[in-house]
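The values are calculated or read from the model by the stated rules, or taken from the named source; none is laboratory data. Quick caveat: nothing in here was measured; it's all calculated off a predicted structure. Don't worry about glycine lacking a Cβ; one is built from the backbone with ideal geometry, like all the others, and counts go over all protein chains shown.
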Amino acid sequence: MKGTIARLIFVLACLGPGLGAGVAVHAEEAPGVLVLGRISDDPKSHYESMKVLLDYVVAHMADVGIREGKVLMARDALQMASYLRRGRVDWVSETAGGAMLLQRRAGAETFLLSDRNGVRRYHTVYFARRDGKVTSIEGLRGHRIAFQNPTSTSAYFIPAMELLERDMNLEILGSPFDPPVPDSVGYVFARTERNIATWVHKNLVDVGTVSNLDWTNARKIPEFFKSDFIVLRESPEVPRGVEVVRQSLKPEVRARLREVLIGMADDPEAIGLLEKYHQSMRFFDLDETDRKDLERLRVGVNKVSAGIE
């Protein structure tokens, strides 16, 4: 009896907070269940909005055999890729960079795009102090750059891939106080946009990277900092939100899921639901520009994963 209880405690501990909602579900083995996944380090803050969306979708998919919906959280892209490969999740909502990473690691297929906060596309802004040593991206060798975190599209994948495209070697630093390797670009993860701006302003790093949305947000990049900054470069745009599905998802389920998601924008019953889900207003198909931009990003993410990570 004691051994049984001990094993039960161990299993529950392994599930972790926020993961129990979908861990036991194997999508391929439960044809009546649709599993929506998300990568999150704060599952509680995302679960409710995801469940609201999922409940709406499931209610419109009975004609293809879907009767129930489950939410499955993953702590990082590696775990979500494992879920996709093993058929434990059907559909994942991600950023463009995250989607390309799941495509690389799990063969996930780009399905639809979604806007977030009403924004369909965005890009990276590189900035530096007006009186700093670096006045162009090409001048970054031997200097420091701040990214946000290893999963950020605009503040990691895009700038990292653009530096690699310029034949610059990237070396991770233990802290912004570490000296960069000569002829290489030393990078650090600052975690928040406010930290990135602060580190550039205090000359702890030479260049910072944020999205254009964060660049214009005074809560993230204070105006009294921006007066001392210059923009060195703005990258080409990429889609803001990307929905991916596992390769083995049944064609009839995939087709109905697409129809339901795209149709939400015109359904009175869906009013207010999407605002709770990334404040997204609508889902839509990829056009040719989207496909080309995601292909460039896919190649770049592969290069970052192979060359840095």
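Yes or no: Val185 part of a strand (DSSP E or B) and crowded, with 23+ Cβ neighbours inside 10 Å?
yes
Would you confirm whether any residue within the range 121-128 is modelled with pLDDT under 95, surrounded by 22 or more Cβ atoms within 10 Å (Cβ to Cβ) and under 30 Å from Asn212 (Cα atoms)?
No, there is no match, as no residue in the range 121-128 is modelled with pLDDT under 95, surrounded by 22 or more Cβ atoms within 10 Å (Cβ to Cβ) and under 30 Å from Asn212 (Cα atoms).
Can you tell me which of Val231, Val299, Val242, Val207 is surrounded by 21 or more Cβ atoms within 10 Å (Cβ to Cβ), more than 30 Å from Gly65 (Cα to Cα) and of a type in the set (A, V, I, L, M, F, W, C)?
Val207
Quick check, is Thr216 buried (at least 16 other Cβ atoms within 10 Å of the Cβ), of a type in the set (Val, Ile, Thr) and under 22 Å from Asp131 (Cα atoms)?
no
Residues of the range 244-259 being in contact (Cβ under 8 Å) with a residue 60 or more places away in the chain and over 14 Å from Val57 (Cα atoms), which ones?
Of everything in the range 244-259, those that are in contact (Cβ under 8 Å) with a residue 60 or more places away in the chain and over 14 Å from Val57 (Cα atoms) turn out to be Val244, Val245, Arg246, Gln247, Ser248, Leu249, Lys250, Glu252.
Just for strands (runs of 3 or more DSSP E) wholly inside the range 52-133: which have at least 3 residues that are more than 27 Å from Glu275 (Cβ to Cβ)?
Fully inside the range 52-133 and qualifying: 124-129.
Out of the residues in the range 195-219 meeting the condition of being of a type in the set (S, T, N, Q) and in a helix (DSSP H, G or I), tell me which one is nearest to Val238 (Cα to Cα).
The qualifying residue nearest to Val238 (Cα to Cα) is Asn212.
Taking the range 86-102 as the search range and keeping residues that are in contact with an Asp or Glu (Cβ under 7 Å, 6 or more places away or on another chain) and crowded, with 21+ Cβ neighbours inside 10 Å, which one is farthest from Gly32 (Cα to Cα)?
Out of the qualifying residues, it is Leu102.
Can you tell me which residue among Val64, Val52 is among the aliphatic types (A, V, I, L, M), within 22 Å of Glu269 (Cα to Cα) and out of contact with any Asp or Glu (no Cβ under 8 Å at 6 or more places or on another chain)?
The unique qualifying residue is Val52.
Kindly indicate whether Leu249 is in contact with a Phe, Trp or Tyr (Cβ under 8 Å, 6 or more places away or on another chain), over 27 Å from Phe157 (Cα atoms) and part of a loop (DSSP other than H, G, I, E, B).
Spelling it out, Leu249 is indeed in contact with a Phe, Trp or Tyr (Cβ under 8 Å, 6 or more places away or on another chain), over 27 Å from Phe157 (Cα atoms) and part of a loop (DSSP other than H, G, I, E, B).
How many of the residues making up the range 190-247 are of a type in the set (Val, Ile, Thr) and out of contact with any strand residue (DSSP E or B) (no Cβ under 8 Å at 6 or more places or on another chain)?
3
Do we find that Thr110 is surrounded by 22 or more Cβ atoms within 10 Å (Cβ to Cβ) and touching a residue at least 40 places away in the same chain (Cβ under 8 Å) in this structure?
yes
Do we find that Phe157 is crowded, with 23+ Cβ neighbours inside 10 Å, modelled with pLDDT of 95 or more and under 20 Å from Ser305 (Cβ atoms) in this structure?
Taking the combined requirement at face value, the residue satisfies it.
So, of the residues in the range 179-212 that are among the hydrophobic types (A, V, I, L, M, F, W, C) and more than 28 Å from Arg240 (Cβ to Cβ), which turns out to be farthest from the chain's Cα centre (by Cα)?
Val181
Would you check which residues across the range 260-290 are in a helix (DSSP H, G or I) and either surrounded by 12 or more Cβ atoms within 10 Å (Cβ to Cβ) or touching a residue at least 40 places away in the same chain (Cβ under 8 Å) (or both) and list them?
Scanning the range 260-290 gives Val260, Leu261, Ile262, Gly263, Met264, Ala265, Glu269, Ala270, Leu274, Glu275, Lys276, Asp290.
Do you know which of the residues in the range 30-56 that are among the β-branched types (Val, Ile, Thr) and within 16 Å of Arg246 (Cβ to Cβ) is nearest to the chain's Cα centre (by Cα)?
Filtering the range 30-56 for residues that are among the β-branched types (Val, Ile, Thr) and within 16 Å of Arg246 (Cβ to Cβ), the one nearest to the chain's Cα centre (by Cα) comes out as Ile39.
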